[in-house]
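None of the figures in this text is laboratory data; all of them are computed from the coordinates on show. Remember, it's a predicted structure, so these values are computed and weren't measured experimentally. We place every Cβ from the backbone using ideal geometry, glycine too, and count neighbours over all the protein chains shown.
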Amino acid sequence: MTEPFTVPETVSTCFSDKALTAAVEEILADRKFPAAIEWDEVESFLKARASAEAVRWDYSLALYRFFEAVWGDRADWIRDPVDMTVSDTGFAAAELWDDGEISVRYTDGDRSIYLLAGFDSGETWIGICPINKNGKAYEDWTVDGFAWDEDEEYFMRSWKPSVAVDDQLAIHVKDAADRAFEIVTGLYSSY
């Protein structure tokens, strides 16, 4: 990591308080005013909505920075352009709060790997999914400390607490990501 990963204070404050996280979730869940809101409550609601939106966008930025800190550029591997990532994985700026993770495909010739990173208030996770020439995931490989997740279709590894609570955890996550990437790219030569 060239720069230490840090989580914005708005996100760490929100994620360290379950009631606050629930309130932000509730406010962001609906674009309408709450039922039966009174005129003298509108300004307070709009201030709360603005604060919730700030947390949402600060989290999106933190999630992007976390992905970059963990996976970022990979020597000899080309990251798909953003527009391809949008169509391939559904990557959308406005949905990062709900998605909680970023997944991007990298290629090197006819080799492809999907890399994933995410975190929420309680957990941090990364994933790696090597793809064979037929476009299918290699599920039978062993990746140090990772386990195949049928639902995600990635080799996944997770840590507790979240990097939102302990951003120093990102250093250990990056080390695990680098080891997994090295193992997986090395295994391509055996196939």
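Short version: ³J(HN,Hα) in whole Hz for each residue of the range 49-57, in order, from phi by Karplus 6.51 cos²θ - 1.76 cosθ + 1.60 (θ = phi - 60°), x for Gly and Pro, what are they?
Calculated HN-Hα couplings, in order: 5, 4, 5, 5, 5, 4, 5, 4, 6 Hz.
So if R0 is 30 Å, what FRET efficiency would residue 152 and residue 25 give, r being the distance between their Cβ atoms, rounded to the nearest 0.05?
0.85
Starting from the Cα of residue 76, step 7 Å along the direction of its Cβ; do the same at residue 160; then give the gap between the two resulting points in nm.
Once both label points are built, they end up 3.9 nm from each other.
Output the relative contact order of the range 86-158, whole-number percent, from Cα pairs under 8 angstrom with separation of 6+ residues.
Worked out over the range 86-158, it gives 20 percent.
Provide the per-residue ³J(HN,Hα) series for the range 6-20, in order, calculated from phi with Karplus coefficients 6.51, -1.76, 1.60 and θ = phi - 60°, each as a whole number of Hz, with x at glycine and proline positions.
Each residue of the range 6-20 in turn: 10, 9, x, 4, 4, 6, 5, 5, 4, 6, 8, 10, 4, 5, 5 Hz.
Please list, ordered by chain and number, the residues whose modelled amide H lies under 5 Å from the amide H of residue 148; skip anything fewer than 5 residues away on the same chain.
For residue 148, the qualifying residues are 156.
Under a point spin-label approximation (7 Å from Cα along Cα-to-Cβ), what is the residue 93-residue 13 distance to one decimal in nm?
If labels sit at residue 93 and residue 13, their model points lie 2.4 nm apart.
Assuming 0.36 nm per residue, please report the length gained on full extension of the stretch residue 43 to residue 182 beyond their Cα-Cα distance.
Extra length from residue 43 to residue 182 when fully extended: 44.7 nm.
May I ask you to sort 60, 44 by Cβ crowding, counting other Cβ atoms within 10 Å and putting the fewest first?
The order, fewest Cβ neighbours first, is 44, 60.
Can you order the peptides 18-29, 147-158 by their average number of other Cβ atoms within 10 Å per residue, highest first?
147-158, 18-29
With a 10 Å Cβ neighbour count serving as the proxy for reagent exposure, in which order, fewest first, do 113, 131 appear?
Ranking 113, 131 by Cβ neighbours within 10 Å, fewest first, gives 131, 113.
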